[in-house]
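These notes are about the structure you will find just below.
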Amino acid sequence: MLEQYGHLGILLIFAVIFPSLPLIASWATQHLKIRPRVPNVVKEDTYECGVETEGPTWVQFNFRYYLVALIFVLFDVEVIFLFPLALALDSVAVFGLVAGLIFIGILALGLVYEWRKQALEWV
Amino acid sequence: MNLPAAEWYDLRDLNGISRLITEWVADWGPDWLASILTGVIGALGVLAIIGPTLLILIWLERKVIARMQARIGPNRVGPVGLLQPVADAVKLILKEELAPRAADKWVFFLPPVLIFVPAILIWGVLPFGPNMSVADLEMGVLFLVAISGVNVLVVFMAGWAQNNKYALFGAMRVIAMSISYEIPVVLSLLALVFFTGTLSVNGIVLWQQANDVVLFLIFPMSALMFLFGSTAELNRTPADISEAESEIVAGYHTEYSGMRFGLFYAVELANTLAISAFFATFFLGGWWLWGLDQWVPSWLILLAKTGLMYFVFIWLRGTLPRLRLDQLMSFCWKFFVPVGLVFLAVAATQRTLLIELGWDPAVALPIYAVINWGIAGAGVAIYARTAASPAQRLPSRPVMARGRLGGLRAARELADAGSGD
């Protein structure tokens, strides 16, 4: 089984090399004087639709982003708990099924609560 | 399924060639060398599929979209424009690469490469045939979910490092949308895992083979959730708010130019190709096609189904307009998540009934299919009637003309009252 993960590790190495090749080719053409490399002050400005950028980049964000991330973490963790049950469903039979349904019901209850609290509205 | 080991010249199972080479190495070399060689052959095989297919897909996507919009599309470079992607690649390689002064240098350089890693790595668990995958993990579905979640980190790296407001806004939008749609995708796959009782990707294909049915017929809503959820995670057109040109320029890769931009462009196609392949595997039977896989190479069947799904993705792109962020979010949390939970319960119950009561799958599965299509239809109907009603989405209408005060009628009443005095 560990051998399989080793194969994935080899694939990971190739996955890093594959997108690097065009970048290396691009870098090589720059040193062969084929590709231009003439930086100047204006080119290296931060893009802001033609005007100089004002203020810091780290601006305030809508609180909704934080709320969505929070709900996501809740649901993701809860869903992960269901994976073992899915594999053991045959052996735990009806008792396990009922327990799983109750768990899904609690999940749904949480969703209803968030809905009622307007946490799902994106305004 | 225990196929006899294929001969090396058997095109139906390319594993034969790989085994021939590794056995030859094992004769004179150490075991670890043979194992590494197997991995290298698998990785090269995956890249041999992705690389050329990417080039063709760029042409295909532009051509099909053009045809759908009554244009001609690329037709100058090479026969019917086939060499257009090559010309594009050469052009991008020879373009000057700019990096803004304010950018965080190290974090700026990494994302174009890193964003490709999950796109290629998820091919590792995809079965191209009965025993043709780089790594046939027992928990392949979990691996798929975990790896596709890495995208979010890379997008945030890119958005943060450029020190550009548009890039940061784009990255935040993508992250909010990707993590939201990850829940429906996981729920749809979890329903399949509940029903088939295996976490292995190949196991799900074998289940479909054993029961002579494609899972799309039994779990239509899960297929829809996977399809639409993936388009959102891939930032493709029904959900490409990260690249809404009129609002935030090019989204999270605004400052990238030259080949670095090219990689961001190519990874979208690579991801779409991978998701098409996984959709074909989970819902359309993968390498299996009612016994035809005994005659035609199984990897060709998988690639044909992948091409079909890719066409569906292009079709969606050519048909649907871009949705707003709040529409996308409410569609995810108010429709997909509740319906996904319902189908989770349905799949678990149906599986337990099938096992406990010992029903014949040939009888039970059609009944399940009818029930599930019914539930899916009911879910769509309820959502369309209630949560998605236009009255809720649109701002409340101005009521001045109909109100007691103001408007023409009020003016007349005032005039009447004045004349009455």
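A short reminder: the numbers here are calculations on the coordinates, not readings from a lab. What you see is a predicted model, and the numbers here were worked out from it, not measured in a lab. All Cβ positions, glycine included, derive from the backbone under ideal geometry; neighbour counts span all protein chains shown.
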Exercise. So, in Å, what gap is there between the alpha-carbon centers of the range A:26-42 and the range A:100-123?
Worked result: 54
Exercise. At A:ASP90 and A:TYR113, where each label point lies 7 Å from the Cα along Cα→Cβ, what is the point-to-point distance in nanometres?
Worked result: 3.6
Exercise. On alpha-carbon atoms, Rg over Rh for the range B:285-394 using Kirkwood Rh?
Worked result: 1.08
Exercise. Going by how many other Cβ atoms sit within 10 Å of their own, how do A:ILE102, B:ILE56, B:ILE36, B:ILE65 line up, fewest first?
Worked result: A:ILE102, B:ILE56, B:ILE65, B:ILE36
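Can you give me the orientation-averaged projected area of the convex hull built on the Cα atoms of chain B, in nm²?
31.3
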Seminar exercise, completed: Amide H proximity to B:VAL134 below 5 Å, modelled H, separation 5+ or other chain, gives B:LEU126
Exercise. Which FRET efficiency value, to the nearest 0.05, is calculated for B:PHE109 and B:TRP290 with the Förster distance at 35 angstrom and r the Cβ-Cβ distance?
Worked result: 0.10
For this session: State which helices in chain B qualify, where a helix is a whole DSSP H run, it must extend 18 Å or more along its own axis by its Cα atoms, and its mean Kyte-Doolittle hydropathy must be at least 1.0.
Result: B:31-68, B:165-196, B:259-283, B:298-319, B:337-356, B:361-385
Exercise. Once label points are set 7 Å from the Cα along Cα→Cβ at both A:ALA28 and B:VAL380, what is their separation, rounded to one decimal in nm?
Worked result: 5.2
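Mind counting lysine pairs for me in chain B? Cα separation below 29 Å, and the two need to be 8 or more apart along the chain or on different chains. Could the numbers behind the result be given before it?
Values: B:LYS63/B:LYS91; B:LYS63/B:LYS95; B:LYS63/B:LYS305; B:LYS91/B:LYS105; B:LYS91/B:LYS165; B:LYS95/B:LYS105; B:LYS95/B:LYS165; B:LYS105/B:LYS165.
So the count works out to 8.
Need one number: the % of Cα-Cα pairs in the protein assembly as shown sitting beyond the 37 Å mark.
Here the long-distance tail beyond 37 Å is 39 percent of all Cα pairs in the protein assembly as shown.
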Exercise. At q = 0.09, 0.11, 0.20, 0.21 Å⁻¹, what is the log10 ratio I(q)/I(0) for the range B:227-356, with the Debye formula run over Cα points and no solvent?
Worked result: -0.39, -0.56, -1.18, -1.22
Exercise. Which of the GluC sites (Glu not before Pro) across the range A:1-77 are loop residues per DSSP, with 11 or fewer other Cβ within 10 Å?
Worked result: A:GLU52, A:GLU54
For this session: Can you grab the distance from the C-alpha centre of the range B:37-59 to the C-alpha centre of the range B:183-211, Å, no decimals?
Result: 26
Problem set entry | Derived scalar couplings ³J(HN,Hα) [the range B:114-129; Karplus, 6.51 cos²θ - 1.76 cosθ + 1.60; whole Hz; x for Gly, Pro] | 5, 5, 7, 4, x, 4, 8, 5, 5, 5, x, 9, 7, x, 8, x
Problem set entry | Estimated 222 nm signal from helices in the protein assembly as shown, with DSSP H stretches of n ≥ 4 weighted -39500 (n - 2.57), rounded to 500 | -22500 deg cm²/dmol
For this session: With springs only between Cα atoms under 10 Å apart, run a GNM on chain B and tell me which of B:TYR181, B:TYR310, B:TYR265 wobbles the most.
Result: B:TYR265
For this session: Find the centroid of the Cα atoms in the range B:299-343 and in the range A:1-24, then give the distance between the two in whole Å.
Result: 29
Exercise. Per 10 Å bin from zero, what fraction in whole % of the C-alpha pairs of the range A:2-116 is there, up to the bin with the longest pair?
Worked result: 9, 16, 16, 22, 19, 11, 6, 0
Exercise. On a 0 to 90 degree scale, rounded to 10, what angle separates helix A:2-31 from the longest Cα axis of chain A?
Worked result: 20
Exercise. Among B:GLN208, B:GLN162, B:GLN294, which one moves the most in a GNM of chain B with springs linking Cα atoms closer than 10 Å?
Worked result: B:GLN294
Seminar exercise, completed: Expected sort for B:VAL155, A:VAL112 with the fewest Cβ neighbours (10 Å cutoff) up front is A:VAL112, B:VAL155
